[in-house]
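Throughout, read-outs are computed from the coordinates displayed, never taken from laboratory work. Just so we're clear, the structure is a prediction, and the values are computed from it rather than from any experiment. Note that each Cβ is placed from the backbone with ideal geometry, even for glycine, and that neighbours are counted across all protein chains shown.
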């Protein structure tokens, strides 16, 4: 690998292309920009600049790890989501662009609800399975009147979520609890106006066939049980204890799972499905429900 930025990028892109890495040029640029502490525009503006021996060695190492299927975000420790930079590591699922549809839908509903209430509210939001906190922290960031609670079973994930909340300036309006779904919450506490979740939804039998990159991500955040719907059964099972009226339930779902999740939701006769949102690939990805009736029963 030669000494200039331009030559290093050419060789790196060629190497990743031979290893069948998608978007080899873009990923080569992202890795070198990360190592140099610069943005990609810098690479083009300073193509003839020499890079040090130490940077070249680190670049080779990261390119090799990328060629072995380790996701780019785990190598750089960063992932952009909703225009914000989140710290990530191998203890959390890497935020996906399709999950932005969930956050955008919640923000739209929240702002409408806020206006209907005359701006005299502080919104209580719950994020089940928060991971790195990308949903919870984004909602707190873009909804200054919201207080967000994130729940996750993994303590390392919660450490990362707290770090992201602090880095993005919303630590005072977020809190993170350790436990499985509803376990760390008391049904005596104040109801949540909004409950959001991107739970594990990959059917167990599909896990061996995931892409090499996804296989590096935590199974706990992927395994949805036999049919991929175990998490939704957990969520709807005690939803009536925690959601307020009116309230919003926003769920991310897997491909071809809308019908199954809606069927599970039928046990909650206080819910009304209000929307199904498709992702960029045209797949039904987000389910939205509103709580409409008194929460005194659950089938």
*Compute the Rg/Rh shape ratio of segment 5-68: radius of gyration over Kirkwood radius, all on alpha-carbon atoms.*
0.93
*With each label point set 7 Å from Cα along the Cα-Cβ vector, what nm distance links residue 238 and residue 50?*
6.3 nm
*Tilt of helix 5-18 relative to the longest C-alpha principal axis of the chain, in degrees (0 to 90, nearest 10)?*
70 degrees
*Across bins of 10 angstrom width beginning at 0, how are the C-alpha pair distances of segment 1-156 distributed, in whole percent?*
10, 31, 25, 19, 12, 4, 0
*Among 156-163, 179-186, how do they line up from the highest to the lowest mean number of other beta-carbon atoms within 10 Å?*
156-163, 179-186
*Would you list 226, 114, 242 from fewest to most Cβ contacts within 10 Å?*
226, 114, 242
*List the relative contact order of segment 5-68 as a percent without decimals, with contacts defined as Cα pairs under 8 Å and 6+ residues apart.*
41 percent
*Quote the relative contact order of the chain in percent (integer), defining contacts as alpha-carbon pairs under 8 Å separated by 6+ residues.*
13 percent
_I'd like the antiparallel share, as a percent to the nearest 5, of DSSP beta bridges with both residues in the chain._
45 percent
*Helix 53-67 sits at what angle to the longest principal axis of the chain, using alpha carbons and giving 0 to 90 degrees rounded to 10?*
50 degrees
*Net lengthening on full extension, residue 214/residue 10 (0.36 nm per residue, minus Cα-Cα)*: 70.7 nm
*Against the longest alpha carbon principal axis of the chain, how many degrees, from 0 to 90 and to the nearest 10, is the axis of helix 24-36 turned?*
80 degrees
*residue 180/residue 67 FRET efficiency (R0 45 Å; Cβ-Cβ; nearest 0.05)*: 0.80
_Stretchable slack from residue 111 to residue 264, in nm (0.36 nm times residue separation minus alpha-carbon distance)_ = 52.2 nm
_Order 93-103, 10-20 from most to least packed using the mean count of other Cβ atoms within 10 Å._
93-103, 10-20
